[in-house]
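Before any comments, here is the structure.
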Amino acid sequence: MKLFRWMLAVGLFGVLGTAQAEVKADPNLARNLAATCANCHGTDGKAVAGSGAEALAGTDKAKLLQKLMDFRSGAKPATIMHQISKGYTEAQLELVAEYFATRK
Amino acid sequence: MWDRREFLKGAALAGGSVALPGLSGCTIGSKARGHVVVVGGGFGGATVAKYLRMWSQQGVDVTLVERNPQFISCPISNLVISGDKQMSDITLSYDGLRNTWGVKVLQDTVTAVDAAARKVTLASGGVLSYDRLVLSPGVEFMYDQVPGLESEAARDSVLHAWKAGPQTAALRKQLESMQDGGVYALTIPKAPYRCPPGPYERACLVANYLQKAKPKSKVLVLDANEEITSKKGLFTKAFEKYKGILEYRPNSELREVDVASRIAVLEFDKVKADVLNVVPPQRAGDVAAKSGLKLINNRWVDVDWLSFESVNTAGVHVIGDAIFPAPTMPKSGHMANQHAKVTAAAILNLLAGEAPSPAPLVMNTCYSFVDSKNVIHVASVHQYDAAKKTVMPVAGAGGVSAAANELEGKYALAWARNIWADMLV
């Protein structure tokens, strides 16, 4: 039953065409990926004031992406972010950076 | 599924909520409408309640059923046991969920789930109807595997303190009352259990307290596992620092407890303690384990990893410690919070008549104190694998601290404040 519903949804995307289906596939992907950061960096990147965690909301996209990529390559030393950033693809990090840049 | 009256009710709610936070930050509209009942207000349940309201722009009604009046955090509770923190430091209110997010929080327990009729019965006698149900009940202790701890009186004397609350404060009192030269023994069940590094952190922190306050005392760690189950190298180093006060014994499964004499009966040995702290084997909480949901090993709920919906019971999602974990996935508060977000996103899609996101990702960060200030971490990232239909650790990602350090001590407390806010504020 559940499988049937999903097959139906996938089938509908097929009818709509590939380009649209890619957009349609997961409009919430950036939001969902960014939510994985909130445990340490606050809901929507708004860290608790004075907690010592870096707030990410409103950070320039290019700056944040560069920082994440530097953690990922090992160019920027860290206690933990070098290990976590390696778990995300560059495309996923770009979505995350873009999402936080738009949070005010 | 689509119900015009429900839709209009939801639309009216959404329209009337422009002043509430969460709306301003959202750029993506949500068509989801309906009523979600969440059972259990811990790291999983509180987070899913908040995120359902936030991401639906208040379009979905959420009722949270929680038996306790306040949230008490297991993470950081070992610092209360060691005297470094107070109960008030780990106790938080549900008022943020009520007032900021419009979650209806009921102090009650669910006694029955009727998945066919999509209704739950409350201990107080009421009945709640739902479109989607989320169970986040945490763990139940399997006392049938610990002979000697059948009675409430025995359990009040030989504590677990593995659910933060009155037992946390009671264990602290037992340690304060113990004479210098006494023995604190901690038994660890076979994995999987809630919070893999937790027992080793507790052993370190109690040793740290005793070293300062009662230096003739001993900490005995009786581990049913054949080796330290998490951060092994780092905890081994920490244990070396407590040499003379802390002794670690692997392959030491608890068989029975003699409560009157405070003796832990092992297979080949009997250990007498002044403070005996038994962390019993665990399974999914009753509301999940006894509602007809498919279990694995008769202990943990089998879920679909795209939605955390039970594989055999439509409309019932299960998150947190109660589920059968994906490969290398720990039972942690952090992970429960991550389950909650995948589930909130999936439920909002389902309530809008859409499929869940096809590529969920979750990650874990766990900090452990080895003394009052120095901390070690383990981190991992887990990505859904469509071919395997489960969530797999991302190769090359994650890892542990190079060594215990004070900077991560600060980050650990920052983590706690932010995750508590992420679920409750």
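The values are calculated or read from the model by the stated rules, or taken from the named source; none is laboratory data. In this text the structure is predicted, and so the values were computed from the model without any measurement. Note that we place each Cβ from the backbone using ideal geometry, even for glycine, and neighbour counts take in every protein chain shown.
Here is a yes/no grid of residues against (1) among the aliphatic types (A, V, I, L, M); (2) at pLDDT 95 or above; (3) at positive phi; (4) buried (at least 16 other Cβ atoms within 10 Å of the Cβ):
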| residue | (1), (2), (3), (4) |
| --- | --- |
| A:VAL48 | yes, yes, no, yes |
| A:THR59 | no, yes, no, yes |
| A:LYS63 | no, yes, no, no |
| A:ASP70 | no, yes, no, yes |
| A:LYS76 | no, yes, no, no |
| A:MET81 | yes, yes, no, yes |
| A:ILE84 | yes, yes, no, yes |
| A:GLU90 | no, yes, no, no |
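Determine whether region B:76-90 contains at least one residue that is in contact with a Cys (Cβ under 6 Å, 6 or more places away or on another chain) and not polar (S, T, N, Q).
Applying the first criterion (in contact with a Cys (Cβ under 6 Å, 6 or more places away or on another chain)) to region B:76-90 yields none.
No: region B:76-90 contains no residue that is in contact with a Cys (Cβ under 6 Å, 6 or more places away or on another chain) and not polar (S, T, N, Q).
Criterion applied to B:CYS204, B:CYS195 was being surrounded by 14 or more Cβ atoms within 10 Å (Cβ to Cβ), at positive phi and modelled with pLDDT of 95 or more, and the one residue passing it is B:CYS195. One residue alone among B:LYS241, B:LYS237 is basic (Lys, Arg) and within 26 Å of B:LYS331 (Cα to Cα), and that residue is B:LYS237.
Looking only at helices (runs of 4 or more DSSP H) that fall completely inside region A:39-104, which ones have 3 or more residues that are facing chain B (nearest Cβ under 7 Å)? Steps first, please.
Working: elements: A:61-73, A:81-85, A:90-101.
Counting at least 3 such residues, we get no helices (runs of 4 or more DSSP H) at all.
When the residues of region B:277-292 are narrowed to those that are more than 30 Å from B:VAL183 (Cα to Cα) and in contact (Cβ under 8 Å) with a residue 60 or more places away in the chain, which ends up farthest from the other protein chains (Cβ to nearest Cβ)? Result: B:ASP286. When B:SER252, B:SER261 are checked against the criterion of being of a type outside the set (Asp, Glu) and over 21 Å from B:LEU175 (Cα atoms), a single residue qualifies: B:SER252.
The set of residues in region B:258-298 that are polar (S, T, N, Q), part of a loop (DSSP other than H, G, I, E, B) and in contact with a Leu (Cβ under 9 Å, 6 or more places away or on another chain) contains only B:SER291.
Being in contact (Cβ under 8 Å) with a residue 60 or more places away in the chain and more than 8 Å from every other protein chain (Cβ to nearest Cβ) is true for just one of B:ALA387, B:ALA395, B:ALA416. Which residue is that? Step through it out loud before you land on a result.
Details: B:ALA387 fails: in contact (Cβ under 8 Å) with a residue 60 or more places away in the chain; B:ALA395 fails: in contact (Cβ under 8 Å) with a residue 60 or more places away in the chain.
Within the list B:ALA387, B:ALA395, B:ALA416, the selection yields B:ALA416.
Scan region B:81-93 residue by residue and report those that are in contact with a strand residue (DSSP E or B) (Cβ under 9 Å, 6 or more places away or on another chain) and surrounded by fewer than 21 Cβ atoms within 10 Å (Cβ to Cβ). Listed by number, the residues that qualify are B:ASP84, B:MET87, B:THR91, B:LEU92, B:SER93.
In region B:326-344, what residues are closer than 23 Å to B:LEU52 by Cα and more than 14 Å from chain A (Cβ to nearest Cβ)? Outline the logic, then answer.
Taking region B:326-344 and keeping what is closer than 23 Å to B:LEU52 by Cα, we get B:331-344.
If the condition is that a residue be closer than 23 Å to B:LEU52 by Cα and more than 14 Å from chain A (Cβ to nearest Cβ), then B:LYS331 is the only one that fits.
Only one entry in B:VAL38, B:VAL113, B:VAL65, B:VAL105 is part of a strand (DSSP E or B) and in contact with a Phe, Trp or Tyr (Cβ under 8 Å, 6 or more places away or on another chain), namely B:VAL105.
Taking the listed residues B:LEU350, B:LEU361, the one that is crowded, with 18+ Cβ neighbours inside 10 Å, at pLDDT 95 or above and more than 8 Å from chain A (Cβ to nearest Cβ) is B:LEU350, with no other qualifying.
Residue by residue, here is whether (1) buried (at least 17 other Cβ atoms within 10 Å of the Cβ); (2) away from every other protein chain (no Cβ under 14 Å); (3) in contact with a strand residue (DSSP E or B) (Cβ under 7 Å, 6 or more places away or on another chain); (4) at pLDDT below 95 holds:
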| site | (1), (2), (3), (4) |
| --- | --- |
| B:ALA14 | yes, yes, no, yes |
| B:GLY22 | yes, no, no, yes |
| B:VAL38 | yes, yes, yes, no |
| B:THR47 | yes, no, no, no |
| B:TRP55 | yes, no, no, no |
| B:VAL60 | yes, yes, yes, no |
| B:CYS74 | yes, yes, no, no |
| B:LEU79 | yes, yes, yes, no |
